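> Supplied in structure tokens, the structure appears directly below.
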Amino acid sequence: MLVLVPGLGLGPEAWAPTIQALVRAGVDPGDLVVATLPGYGRPVGAGDPVGPRGSARRLVDGWLRAGRRVVLVGHSSSCQVVVHAASLVPERVAGLVLVGPTTDPRAATWPRLAGRWLATAAHEDPRQVPSLARQYLRTGLRHMVRVMDATRHDAIADGLAEVRCPVRIVRGAHDRIAPDDWCSSLGPAVTLAAGAHMVPLTHGDLVAREVAGMVGLAAPGAATRRERGTNPGDVGP
């Protein structure tokens, strides 16, 4: 099963083009689940976690059934969430796909985050703006700020050091939020031929090609293959 977590403020519709491309490629729709969390498709309620590790515990409790191995797919700051989830329940996570991971420590301050966001926005498809506006309003801008403030200093590299499953890192060609050198410092990274930070929505076909290469990891018997020596980043398309 593939469990896809939306990026900050986004909802299931942000993954829709990627899911449609995966289904066209032959992935069973029943094996595709979008997990919404506080700040990631839902408003943050009283007592809800806002930091990546707390959100990861919510992901584990709500979406990762005992006995079922999954591939977790994160986008933007939800990459930090899925990495923590993989470290919390390694026996349930067969692989990770990180699309446009955050947060590059060189851009952890609010001014630098804003600068990178603006530099990236110039390369985004303006046709996605109405959809993004609806998703952000549904989640709530103040909730998004709370989650990002708790997330921007979370060291995803430290979390990945605890992960033992295969990891695939993907970024859009014009993504300034997740630049190539930052993504490559986390592990072997794939730069798509097009797109910026919102590639799951704008270039779902390209993202799906990279995600599809991980589908088999959650199949019965895949755990044995991994134990024989598959390392993060070694899984081919």
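Laboratory data are not the source of any read-out in this text; all were calculated from the coordinates shown. All of these numbers come straight from a predicted model, not from anything done at the bench. So basically every Cβ, Gly included, is an ideal-geometry build from the backbone, and we count neighbours across all protein chains shown.
> Would you calculate the separation in nanometres between label points at Ala122 and Ser184, each defined as 7 Å from the Cα along the Cα-to-beta-carbon direction?
2.2 nm
> How many angstrom lie between the Cα centre of region 64-80 and the Cα centre of region 142-172?
Using only Cα atoms to place each centre, the spacing works out to 12 Å.
> Just add up the charged neighbours of His203: K/R +1, D/E -1, any other residue whose Cβ is under 13 Å from the Cβ of His203.
Details: positive: Arg127, Arg171, Arg209; negative: Glu124, Asp125, Asp175, Asp205, Glu210.
Taking every Cβ under 13 Å from that of His203, the sum is -2.
> Between Glu162 and Trp110, what is the FRET efficiency for a Förster distance of 35 Å, r being their Cβ-Cβ separation, to the nearest 0.05?
0.80
> What's the longest uninterrupted piece of the chain once you rule out the GluC sites (Glu not before Pro) that are loop residues per DSSP with at most 12 other Cβ within 10 Å?
Result for the longest clean stretch: 1-90.
> From the Cα gyration tensor of region 151-190, with a ≥ b ≥ c the square roots of its eigenvalues, which class applies: rounded if a/c is under 1.5, or else prolate if a/b is larger than b/c, or else oblate?
Oblate, since a/c reaches 1.5 and b/c is not below a/b.
> How much net charge surrounds Val97 when only the other residues with a Cβ under 12 Å from the Cβ of Val97 are counted, with Lys and Arg +1 and Asp and Glu -1?
For residues surrounding Val97, the net value is +2.
> Here's another thing I want to ask about it. Quick one: which residues, 5 or more positions from Gly41 or on another chain, have an amide H under 5 Å from its amide H? H modelled 1.01 Å from N in the peptide plane, none for Pro or chain starts.
Those lying under 5 Å, H to H, from Gly41 are Gly9, Leu10.
> Still on this structure, please answer the following. Highest mean first, how do 83-89, 202-208, 31-37 rank when packing is the count of other Cβ atoms within 10 Å averaged over residues?
Final packing ranking: 83-89, 202-208, 31-37.
> Among Val71, Ala189, Leu22, flag the residue with its Cα farthest along the positive direction of the charge dipole of the chain, charges on Cβ as +1 for Lys/Arg and -1 for Asp/Glu.
Of the candidates, Val71 comes out farthest on the positive side.
> Related question: Please list, ordered by chain and number, the residues whose modelled amide H lies under 5 Å from the amide H of Val93; skip anything fewer than 5 residues away on the same chain.
Val70
> Met144: net charge of surrounding residues, Cβ under 15 Å, Lys/Arg +1, Asp/Glu -1, itself excluded? Could you put the intermediate results ahead of the total?
On the way: positive: Arg42, Arg134, Arg138, Arg142, Arg146, Arg152; negative: Asp48, Asp149.
Cβ neighbours under 15 Å give a net charge of +4.
> Another question, then. Going through region 42-140, which trypsin sites (Lys or Arg not before Pro) have at most 13 other Cβ atoms within 10 Å and a DSSP loop state?
Arg65, Arg68
> From the square roots a ≥ b ≥ c of the eigenvalues of the alpha-carbon gyration tensor of region 1-157, which class results: rounded (a/c under 1.5), prolate (a/b over b/c), or oblate?
Numbers: a/c = 1.59, a/b = 1.22, b/c = 1.30.
Oblate, because a/c is 1.5 or more while a/b does not exceed b/c.
> Turning to a different aspect of this structure: Hey, got the dipole for the chain? About the Cα centre, +1 on K and R Cβ, -1 on D and E Cβ, debye to the nearest 20?
Charge dipole of the chain: 360 debye, to the nearest 20.
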